[in-house]
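Colleague: Here it is, the structure in full.
Throughout, read-outs are computed from the coordinates displayed, never taken from laboratory work. Treat the numbers as computed from the prediction; the structure is a model and nothing was measured. Cβ sites come from the backbone with ideal geometry, for glycine too, and all protein chains shown count toward neighbours.
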Amino acid sequence: MKSIQTLNRRGQTGGLVTGLVMGVAALVIAVIIAFIIISTLNNASLLTDLSAEANATDFLAGNLTEGVNSVASKIPTVLLIAAIVLILGVLAVLVGVWSKMRMGGGSI
């Protein structure tokens, strides 16, 4: 089976940043869908209050909320690390461009 990949002008596939952004976006969408399904089950009153299914959905909703809060507390740290890596990458590209310009430059 051939995989579908998007190519840019140079014929390269999407890079690391694109994959990370798409992965985080997919995770956020999956969590939102899970919250909607669980809240619909709880609010629909389809399950009796003392049934095992009602308890399971209550526990699942509590665990999802606790997990999202746990991840949300780590987001500023992850964003800080991503910003530092981005700045270092930009500096590396600038140093590379500067060294190429210096090597080929002639004196006047």
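Colleague: Quickly run through the stretch 86-101 and pick out the residues that are hydrophobic (A, V, I, L, M, F, W, C) and surrounded by 11 or more Cβ atoms within 10 Å (Cβ to Cβ).
Modeller: Once the filter is applied, which keeps residues that are hydrophobic (A, V, I, L, M, F, W, C) and surrounded by 11 or more Cβ atoms within 10 Å (Cβ to Cβ), the stretch 86-101 yields only Leu86.
Colleague: Note down all Cβ pairs under 8 Å where the first residue falls in the stretch 56-70 and is surrounded by 12 or more Cβ atoms within 10 Å (Cβ to Cβ), the second is outside any helix (DSSP H, G or I), and they're at least six residues apart or on different chains.
Modeller: Note: pairs meeting the criteria are Thr57/Leu47.
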